[in-house]
Each structure stands twice: as structure tokens, then as C-alpha cells.
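Nothing in this text is a laboratory measurement; each read-out follows from the coordinates by a stated rule. As the structure is a prediction and not an experimental result, all values here were calculated from the model. No Cβ is skipped: glycine too gets one built from the backbone with ideal geometry, and neighbour counts run over all protein chains shown.
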Amino acid sequence: MARVGIVTGGTRGIGEAISLALKEAGVTVAATYAGNDARAREFTERTGIAAYKWDVADHAACLAGCAKVVEELGPVDILVNNAGITRDGTILKMTYEMWKEVMDTNLGGCFNMAKAVFPGMRERKWGRIVNIGSINGQAGQYGQVNYAAAKSGIHGFTKALAQEGARAGVTVNAIAPGYIDTDMVAAVPADVLEKIVAKIPVGRLGQAHEIARGVAFLCSEDGGFVTGSTLSINGGQHMY
Ligand SMILES: NC(=O)c1ccc[n+]([C@@H]2O[C@H](COP(=O)([O-])OP(=O)(O)OC[C@H]3O[C@@H](n4cnc5c(N)ncnc54)[C@H](OP(=O)(O)O)[C@@H]3O)[C@@H](O)[C@H]2O)c1
């Protein structure tokens, strides 16, 4: 029986590459998204991967969404918490809403989704959870107290849940990407991006598939002895 995996935010950007890499590894994938229906439809037509729409910041929606995936595809063996947003601004300009939206989506989403699938993984004695953190959660970033705090929280969440899953065959790891060529980075002003790339030792942005290969390894049978770790994939920009 093929493993079943959920990739949140799996219909575009890094998430799309992760959905494809897991599919290539033989996993039956459910890719979730928030609101971009046209992109999700195009993704499903092109890849054959089912897309499901719910907000990862909504606890009840995550429980209901995961139950629907189980009903349609089977018990969930793999969870990749990839959905994430930015609402940048210095603390002088950042509103409470900007803080809360990023915390609820980027960090709250990890809790909501793990809460839905972890009990089943534990019961079946096999599971893989990979949380997508960020270099900016490791090093901090000007204008991102919300994003850096949420991503830093993901790294702590990962290590704590890894301890709860270890005896039951459930591994929990994080990947901390550096700057990857996706819509999220395309939103950064060109002059700022140029300065960022100048600081990356390999001299370029990363590609989504370079993150996806790391996720696929952590989700594989061979990844069973790796848990509680953070894999930095950042072109040498931050050697942690
Ligand atoms: N790109 C980078 O350089 C970089 C670096 C470090 C870490 N990361 C992290 O990597 C992850 C993916 O980034 P990306 O650049 O691929 O992002 P992206 O291109 O902006 O795609 C984000 C995906 O997440 C979904 N999403 C957003 N909010 C959601 C919500 N509340 N509920 C469900 N799905 C939601 C989006 O759905 P819709 O299509 O419906 O909007 C989309 O599928 C994020 O966690 C990000 O923080 C990215």
C-alpha cells in the first residue's frame, strides 16, 4: 500500500516541488492550499495530485480537512507543514493583526495539522512530519519579528514533538530554507533581493526542488533514524 502524505501549501512554490517529489517517491499526496483556486485547479490537472482547500490557521478546519483526506485517500503517514505567509514591517509599523496572522498560520498551522494526524501515526507506529522553518527563524531578519518568531517556534515545536514520537516510529524534523526562487521571494523589492543574493556564498537563490529532495529523504524509510533535526538548505548563507 502506498503511503499517504499531506503537504500544506502544496500547490505552488516550495510546496508544489515537495508534492511532486513525494509523488515520485510513490506517496499518494494530498496538497492543501488557502484560496488560489485557479492555481490549485491547474496544479491538479498538470500533476494528477488532489488539492484540498482549508485554512491551516483554523483548528476545526484542519481536523475536518484531514478527516476528509483519510476518507478519500486513507490514513495519513506523512505530514509536511509547508504553508506559510509573510506580513513584513518593522515593529513600529507592524499591527497586532500582522503579528497574529503570521503566528496563527506559520506556527499555529503546524500544531493544528499535527494534532489531526499525530495520534493515527502513533497508533500505526509509523509517521513522518517535516516542518518548513526558515533561515530567518535561525538568524532573525529586520522587519520580520512576526515571521522570525513563528519560524523559530517551529524549530522548538519540532524538537519537542520528535521526543513524543520517537518510541512510536514517528520522526519529526525541520528544514530551514535560505532564499528560494518562489512567489514569496519575488515579492521582495529587486534592490533588496540583489543585496541578499550578494550575501549567499554559492552566489544564487535556491530552487524549490532543492528543498523538496531534502523533504523526500526525511520522509523515506531510510530517514527513520533522523529525528528532531534541522536541515539547513541555504547555499551557505547561515552556518548554524
Ligand atoms: N521562498 C523562500 O525563500 C522561503 C525561505 C524560507 C522559508 N520559506 C518557507 O517555505 C514555505 C513555502 O514558501 P513559498 O515561498 O513556496 O510560498 P508561496 O509561494 O507563497 O506559497 C505558499 C503556499 O502556502 C499556501 N498557504 C498560505 N497560507 C495558507 C493558509 N492559511 N492555509 C493553507 N495554505 C496556505 C498557499 O496557498 P494559495 O496558493 O491558496 O495562496 C500556497 O500554496 C513557507 O512556509 C515559507 O515561509 C520560504
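Brief remarks on what is shown
- Mean-position separation - Cα centroids, segment 1-78 and segment 115-181, in angstrom: 18 Å
- Using alpha-carbon coordinates, inclination of helix 145-165 to the longest axis of the chain, degrees: 30 degrees
- The ranking of GLU71, GLU164 by Cβ neighbour count inside 10 Å, starting from the fewest, reads GLU71, GLU164.
- The GNM of the chain, with springs linking C-alpha atoms under 10 angstrom apart, assigns the highest mean-square fluctuation among PRO201, PRO75, PRO177 to PRO201.
- Taking VAL188, VAL117, VAL170 in turn, the Gaussian network model of the chain (Cα-Cα springs below 10 Å) assigns the largest fluctuation to VAL188.
- Dividing the Cα radius of gyration of the chain by 2.2 N^0.38 Å, with N the residue count, gives 0.96.
- Rounded tilt (10° steps) of 108-124 against the dominant C-alpha axis of the chain: 30 degrees
- Packing-based exposure ordering (other Cβ within 10 Å, fewest first) of CYS62, CYS110: CYS62, CYS110
- Additional length obtainable on full extension of the chain from ALA168 to LEU63, 0.36 nm per residue less Cα span: 35.6 nm
- Listed residue pairs exceeding 18 Å between alpha carbons, taken from LYS23/LYS125; LYS68/LYS151; LYS68/LYS115: LYS23/LYS125; LYS68/LYS151
- Look at the dipole of the chain built from charges on Cβ: of GLY206, VAL170, THR8, the Cα furthest out on the positive end belongs to VAL170.
- Proximal aspartates and glutamates relative to LYS53, as straight alpha-carbon distance under 15 Å, when same-chain residues fewer than 8 apart are discounted: GLU16, ASP37, GLU42, GLU72
- Dipole magnitude for the chain: about 420 debye, using +1 per Lys or Arg Cβ and -1 per Asp or Glu Cβ, origin at the Cα centre.
- Extension gain from VAL185 to ARG46, taking 0.36 nm per residue of separation minus the Cα-Cα distance: 47.7 nm
- If R0 is taken as 51 Å, the Cβ-Cβ distance between LYS125 and LYS93 corresponds to a FRET efficiency of 0.60.
- Near VAL172: Cβ cut-off under 14 Å, other residues only, Lys/Arg at +1 and Asp/Glu at -1. The net charge is +3.
- Amide H contacts under 5 Å for ASN131, placed H, 5+ residues apart: ASN81, ASN173, ALA174, ILE175
- Ranked ASP55, ASP183, criterion: other C-beta atoms within 10 Å, fewest first: ASP183, ASP55
- Other-chain or far-sequence residues with amide H under 5 Å of ILE233's (modelled H): ALA176, GLY178
- Of the residues ALA67, ALA190, ALA162, the one that moves most in a GNM of the chain with alpha-carbon contacts below 10 Å is ALA190.
- Kirkwood radius, segment 172-239, all distinct C-alpha pairs, inverse of mean reciprocal distance: 13.1 Å.
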